[in-house]
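> Quick one: this structure, given as structure tokens, is what I'll be asking you about.
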Amino acid sequence: MDPLLLLQQTLNGLQLGVMLFLMAAGLTLIFGIMDFINLAHGAFYMLGAYLAAWLAGLFDAFVPSVAVALLLTAIVGFLVELVVARELYRRDHLYQVLATFGLVLFFDELVKLLFGPQPIFLEPPPWLEGQVELFGAPYPVVRLAIIATGLASAVFLWWLIARTRLGMLIRAGADNREMVQALGVDIATLFALVFALGAAFAALAGAMAGTIVAVRIGMGEEILILTFVVVVVGGIGSIRGAFVGALLVGLVDTWGRALLPGLLGLVFERSVADAAGAALAPMAIYVLMALVLAFRPQGLLPARG
Amino acid sequence: MRLEVRELEAGYDGTQVLFGVDLAIGEGELVTLLGRNGMGKTTCIRAILGLVRPSSGRVTVDGREVAGLPPHRIARLGIGLVPEGRQVFASLTVEEHLLAVARPPTRRGYQPWTRDRIFALFPRLAERRNSRGNQLSGGEQQMLAIARALSTNPELLILDEATEGLAPLVRREIWQVLAELRAAGLSILLVDKHVEALLRLADRHYVMEKGRVVWRGSTAAFRAEPGLAERYLGV
């Protein structure tokens, strides 16, 4: 096995992992505190990517464009909580799934109306273009920047949850929603803030993705499925779990795709190994999830207990 | 603060629990709510705080109608809840409990419950300030539940099963603290099973049976009526 290839694939896995963490953080908080299943979380990812690409195209200022895209998506998230989610907390999960699936369709159509059916691109700024040498192998700067931003966001989120009063209320709300209310905290506003925060993180993940792949309708649904795998693997409601689960899923998925054909090639004929590897690699994360569910059904780092 | 409850009816999912409860707690009073399990004491407290929506009747705080308001609005008028089963936050430290829901007093001249003042009242909590809610003993959790309610600077403290499951020594400590709080001017509504301690502590008592107040009166009247405790409280 080529160690440089392994290093590259590990970095790619980390990069996918931190993006998944940004998605999973919001999803797991919303699920953990409000017991609310939000299929529309992927729509925030897509919206963030589209808004960032659109603004960057208009103003030629990358960082401010991404920042404004986050803010706008956070506002959309706040409104979605106010108009749709708030009505659904007391309902069964089935209603939540149906309603938020409706939101997925709504946002897909809305984006099509606003930006057209063709994919668009978020050009990374010149200072993020090109490659750097890592131990003699070239690696794209933009992917390193994604890893760095993702890790910085994780630190920020840790600080927010562990050290601020808002974070204390979020944790208290996840422990015992009713008691938080009875002590005089407007839990509805707290939920709306968490929703907006989750949407902003999803938008950041979307904008990051936009710098390496095309921004298109339906991108949110693909990552949402991976995100749910992360939440289940990490433990529902747990930010630490989301972090560990996201890196694990990112690495397993990337390693699987890159290394499985080679590993199978040790046993089988080349053509068979390639075909089988390509077919089996996408299953790797689901095998991981099945193993976690079998041996630690509460997830690797559950929020409680 | 004066809390008044009149003709309060409430229940869960079509099962009525309260059938017209009347009670009142005046400024600086310590009042108990007595009765066997399942007679509606907890539901009454939950209905006062809006955690259960009253189906009819009135709940007023200083004359202002609060029935139907969301729980946080009612609590913000100056009511601090110490719930049944303590319900401390498992993932928050003692210190975080006192910070998370703290808010300034609503009334002028109210000496605020700072962290230091709360720790002076509960030295044990100061020692355990970095422990999480789920790492505390039952007695410590009860102290923390009281401390948490005090951090909201309430004028009325409502305690549901104030000493349930606590060792006699810890129980005595809680009674001592409640006496101090009362001396500090707080109004207190107290639910508990230890009638003797309550008689020493409280001014007036309400006895509930089957969702109604069936007896009310002063401590002296309670002592003067033989058989009262056996009849309604099963002691």
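Please treat every number below as a calculation from the coordinates, not as lab data. This structure is a prediction, so every number in the text was calculated from the model and none was measured. As a convention, Cβ positions derive from the backbone with ideal geometry for all residues, glycine included, and neighbour counts pool all protein chains shown.
> Can you check what the net charge comes to around B:Gly38, using other residues whose Cβ is under 12 Å from the Cβ of B:Gly38 (Lys, Arg +1; Asp, Glu -1)? Write down the numbers at each step before the final one.
Details: positive: B:Arg36, B:Lys41, B:Lys210; negative: B:Glu209.
Here the count lands on +2.
> Gap in Å between the Cα centre of the stretch A:29-83 and the Cα centre of the stretch A:4-26?
Answer, in whole Å: 21.
> Another one. At a Cα cut-off below 26 Å, give the lysines reachable from B:Lys41, other chains included and same-chain residues fewer than 8 away excluded.
Answer for B:Lys41, where 26 Å is the Cα cut-off: B:Lys193, B:Lys210, listed by chain and number.
> log10 I(q)/I(0), Debye, Cα-only the stretch B:3-233, no solvent, q = 0.14, 0.17 Å⁻¹?
Cα-only, vacuum Debye calculation for the stretch B:3-233: -0.89, -1.30.
> Another question, then. What distance in nm lies between label points placed 7 Å from Cα along the C-beta direction at B:Lys210 and A:Asp35?
Here the modelled spin labels are 3.3 nm apart.
> Which whole-number percent of Cα pairs in the stretch B:19-60 have a distance greater than 12 Å?
Value for the stretch B:19-60 (Cα pairs over 12 Å): 65 percent.
> In whole Å, how far is the Cα centre of the stretch B:118-192 from that of the stretch A:105-142?
A separation of 56 Å, based on Cα centres.
> Which angle between 0 and 90 degrees, to the nearest 10, do you get for helix A:141-163 versus the longest principal axis of chain A when only C-alpha atoms count?
Rounded to the nearest ten degrees, it is 30.
> For a Förster distance of 22 Å, can you work out the FRET efficiency between the beta-carbons of A:Val287 and A:Ile225, rounded to the nearest 0.05?
Calculated transfer efficiency: 0.90.
> Suppose R0 equals 60 Å. What FRET efficiency, 1/(1 + (r/R0)^6) with r the Cβ-Cβ distance, do A:Leu58 and B:Arg2 give to the nearest 0.05?
Once the sixth-power term is evaluated, E becomes 0.50.
> Give me the dipole magnitude in Debye, nearest 20, for chain A about the Cα centre, with unit charges on the beta carbon: positive for Lys and Arg, negative for Asp and Glu.
In total the dipole reaches around 680 debye.
> Follow-up question, since we're still on this one. Which of rounded, prolate or oblate describes the protein assembly as shown when judged by the alpha-carbon gyration tensor and an a/c cut-off of 1.5?
The shape class here is prolate.
> Here's another thing I want to ask about it. Longest span of chain A, sites excluded, free of GluC sites (Glu not before Pro) in DSSP loop with at most 14 other C-beta atoms within 10 Å?
Excluding the exposed sites themselves, the longest stretch runs over A:130-268.
> Related question: I'd like to know which of B:Leu157, B:Gln111, B:Ala179 lies farthest towards the positive end of the charge dipole of chain B, counting +1 on Cβ of Lys and Arg and -1 on Cβ of Asp and Glu.
B:Gln111
> For the stretch A:176-305, what is the Kirkwood estimate of the hydrodynamic radius, computed as the reciprocal of the mean inverse distance between distinct Cα atoms, to one decimal in Å?
It works out to 17.2 Å.
> Are there trypsin sites (Lys or Arg not before Pro) in the stretch B:131-225 that DSSP marks as loop and that have at most 13 other Cβ atoms within 10 Å, and which are they?
B:Lys210
> Loop only by DSSP, 16 or fewer other Cβ within 10 Å of the Cβ. Give me the GluC sites (Glu not before Pro) in the stretch B:2-78 that pass, ordered by residue number.
Passing sites in the stretch B:2-78 are B:Glu27.
> Taking the Cα centre of the stretch B:1-84 as origin and charging only Cβ (+1 Lys, Arg; -1 Asp, Glu), how large is the dipole, in debye to the nearest 20?
180 debye
> Which whole-angstrom value gives the distance between the alpha carbon centres of the stretch A:214-265 and the stretch A:143-200?
A separation of 22 Å, based on Cα centres.
> Quick one: grab the alpha carbon gyration tensor of the stretch A:102-184, order the square roots of its eigenvalues as a ≥ b ≥ c, and give me rounded if a/c is under 1.5, else prolate or oblate depending on whether a/b is larger than b/c.
In terms of gyration-tensor shape, oblate.
> From the Cα trace of the stretch A:3-134, what convex hull volume per residue do you get, rounded to a whole Å³? Don't jump to the answer; show the numbers that get you there.
Numbers: hull volume 18.5 nm³, N = 132.
Cα-based convex hull of the stretch A:3-134, divided per residue, equals 140 Å³.
> Further, regarding this structure: Taking the Cα of B:Ser131, stepping 7 Å toward and past its beta carbon, and measuring to each backbone N in the stretch B:98-125: which are under 20 Å?
B:98-100, B:115-125
> For Cα pairs less than 8 Å apart in space and 6+ apart in sequence, what is the mean separation divided by the residue count of chain B, i.e. the relative contact order in percent?
Contact order relative to length: 28 percent.
> Taking the Cα centre of the stretch B:3-233 as origin, work out the dipole magnitude from +1 charges on Lys and Arg Cβ and -1 charges on Asp and Glu Cβ, in debye rounded to 20.
Dipole size: approximately 300 debye.
> Let me ask another. Can you tell me the relative contact order of chain A? Whole percent, Cα pairs under 8 Å, sequence separation 6 or more.
Relative contact order comes out at 34 percent.
> Which whole-number percentage describes the relative contact order of the stretch A:183-249, with Cα contacts under 8 Å and a sequence gap of 6 or more? Mind dumping the intermediate values first?
Working: 24 pairs, mean separation 11.5, N = 67.
The value is 17 percent.
> Looking only at Cα atoms, what is the convex hull volume of the stretch A:241-286 per residue, in Å³?
55 Å³
> Okay, next question. Roughly what % antiparallel, to the nearest 5, for the DSSP beta bridges in the protein assembly as shown?
Working: 27 of 42 bridges.
The antiparallel fraction comes to roughly 65 percent.
> What FRET efficiency comes out for A:Ala275 versus A:Val141 if R0 is 41 angstrom and r is the Cβ-Cβ distance? Round to the nearest 0.05.
Rounded to the nearest 0.05, the efficiency is 0.75.
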